[in-house]
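Colleague: Dropping the structure in here first, questions after.
Read-outs: derived from the displayed coordinates by stated rules, not from any lab. All values derive from a computational prediction rather than experimental measurement. So basically every Cβ, Gly included, is an ideal-geometry build from the backbone, and we count neighbours across all protein chains shown.
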Amino acid sequence: MTSKLIPVTILTGFLGSGKTTLLNHILKTEHGHRIAVIENEFGEAGIDNELLVQDRDEQIVEMNNGCICCTVRGDLIRILGELATKRSAGKLIFDRVVIETTGLADPAPVAQTFFVDEDIGMHYLLDSIVTLVDTVHAPQQLDEHHEAQEQVGFADRIVLTKTDLSSQDAVDALMIRLKQMNPRAPMLQAHKGKIELDQILDLRGFNLNAILEIEPDFLTDVEHEHDDDVTSFVFRESRPLDLVRLEEFLGAMVQVYGPNLMRYKGILNIQGQDRRIVFQGVHMLMGVDFAGVWQEGEVRESRMVFIGRGMPKDVLLDGLHQSVAAEVRAH
């Protein structure tokens, strides 16, 4: 079933981070991908001269490179449904979807659409959240705007833009800061606004069936300290966990602190299971799934990363340690 779903990439980033440049590239370049790009406004990407077919009522435009551009007027579910219907009927051909959020938007509500709407879940798979970060203006934006921090916290991949306009020291300092805020998102640099699409598509960052590798590589010797609201921490435990105890604890935490828990994700070593358990959540939505079998001789270790605002780190760590299987804790 998963292989038949349409993968969706959420593209976010603060004002001026380069989303329009990337969208122009997708909509105008012969890159070989058939992508439906969902934008907030047509004019923003400047595609007027590229239109082939336009339905003014539904605001779905087919481009001459095989891509499709759509507008959202406050109803993402409707436009996704229309795209799926037209695709099933053979009226539109596309293989994946890229959704652009506004520069001042928290990407969480868009991401949650794919979990809470049953019809959308029947057709689409949320592949990843990709956040563009303007290296020139990001330090100030992160200081002054919570939305900029939210976008970094939710990212499955971070793309640094305008690096050619910044000094290497400034880029390095920004990367350290971003890694502290979100240690689970790999970072790459766009060169003069250009990104290879394979670097942002099919990441499976949000796919519960993917085998996650969480290696935060925290940088402890930090020269520049920042009082960011969005923080992160990692939990590691080599002893097997009790899945029931863990779910009960995390369920209680989510009920109280869910709005502050932006992303939480990890691989679990569960008592009595020979397979990895993949665990992840967004705010109040939480789920687990099976992944690959632990290999013979492989070190079995639970690794979880939590990213959020004002998180009760000590309470979470204590509860996680208490979720170690009882017979293991007794020894």
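Colleague: For LYS313, go through the lysines and keep the ones whose alpha-carbon is under 27 Å away, minus same-chain ones fewer than eight residues off.
Modeller: Partners within reach: LYS179, LYS265.
Colleague: If you don't mind, another one. What FRET efficiency do you get for ASP169 and THR102 if R0 is 30 Å and r is their Cβ-Cβ distance, rounded to the nearest 0.05?
Modeller: Here the calculated transfer efficiency is 0.45.
Colleague: Take the alpha carbon atoms of the stretch 256-276, find their center, do the same for the stretch 280-331, and report the distance between the two centers in whole angstrom.
Modeller: 5 Å
Colleague: VAL171: net charge of surrounding residues, Cβ under 13 Å, Lys/Arg +1, Asp/Glu -1, itself excluded?
Modeller: -1
Colleague: Please give the peptides 5-12, 82-89 ranked by average Cβ packing (other Cβ atoms within 10 Å per residue), highest first, as a rough proxy for protection.
Modeller: Taking the mean over residues of other Cβ atoms within 10 Å, the ranking is 5-12, 82-89.
Colleague: Sorting check: for 295-305, 195-205, which peptide has the highest mean count of neighbouring beta carbons within 10 Å, and how do the rest follow?
Modeller: The densest-packed peptide leads the list: 195-205, 295-305.
Colleague: Next question. Which net charge results when you count Lys and Arg as +1 and Asp and Glu as -1 among the other residues whose beta-carbon is under 10 Å from that of TYR124?
Modeller: Local charge sum for TYR124: -2.
Colleague: Among ARG78, ARG239, ARG276, rank each residue by its count of other Cβ atoms within 10 Å, from fewest to most, as a rough exposure measure.
Modeller: In order of increasing Cβ crowding within 10 Å: ARG78, ARG239, ARG276.
Colleague: Subtracting the Cα-Cα distance from 0.36 nm times the residue separation, let me have the gained length for GLN199 to GLU296 in nm, one decimal.
Modeller: Stretched out fully, the GLN199 to GLU296 stretch lengthens by 31.7 nm.
Colleague: Further, regarding this structure: ASP289 versus PHE233, label points 7 Å from Cα toward the beta carbon: distance in nm?
Modeller: 2.9 nm
Colleague: Follow-up question, since we're still on this one. Taking every pair of Cα atoms in the stretch 2-199, average 1/r, invert it to obtain the Kirkwood radius, and report Rg/Rh to two decimals.
Modeller: 0.97
Colleague: Then there is this: Sort LEU320, LEU188 so the one with the fewest other Cβ atoms within 10 Å of its own Cβ comes first.
Modeller: LEU188, LEU320
Colleague: Taking 7 Å along the Cα-to-C-beta vector as the label spot, tell me the GLU248-ASP117 distance in nanometres, rounded to one decimal.
Modeller: For the pair GLU248/ASP117, the computed spacing is 3.7 nm.
Colleague: Something else about it: For a footprinting-style exposure proxy, rank HIS33, HIS321 by other Cβ within 10 Å, fewest first.
Modeller: HIS321, HIS33
Colleague: Among LYS19/LYS192; LYS28/LYS162; LYS91/LYS192; LYS86/LYS192; LYS28/LYS192, which pairs are too far apart, with a Cα-Cα distance over 24 Å? Walk me through the numbers on the way to the answer.
Modeller: On the way: LYS19/LYS192 13 Å; LYS28/LYS162 21 Å; LYS91/LYS192 36 Å; LYS86/LYS192 36 Å; LYS28/LYS192 17 Å.
Distance filter (> 24 Å) returns LYS91/LYS192; LYS86/LYS192.
Colleague: Can you pull the one-decimal nm distance between simple spin-label points at LYS192 and LYS313, each 7 Å off the Cα toward Cβ?
Modeller: Those two pseudo-labels are separated by 4.2 nm.
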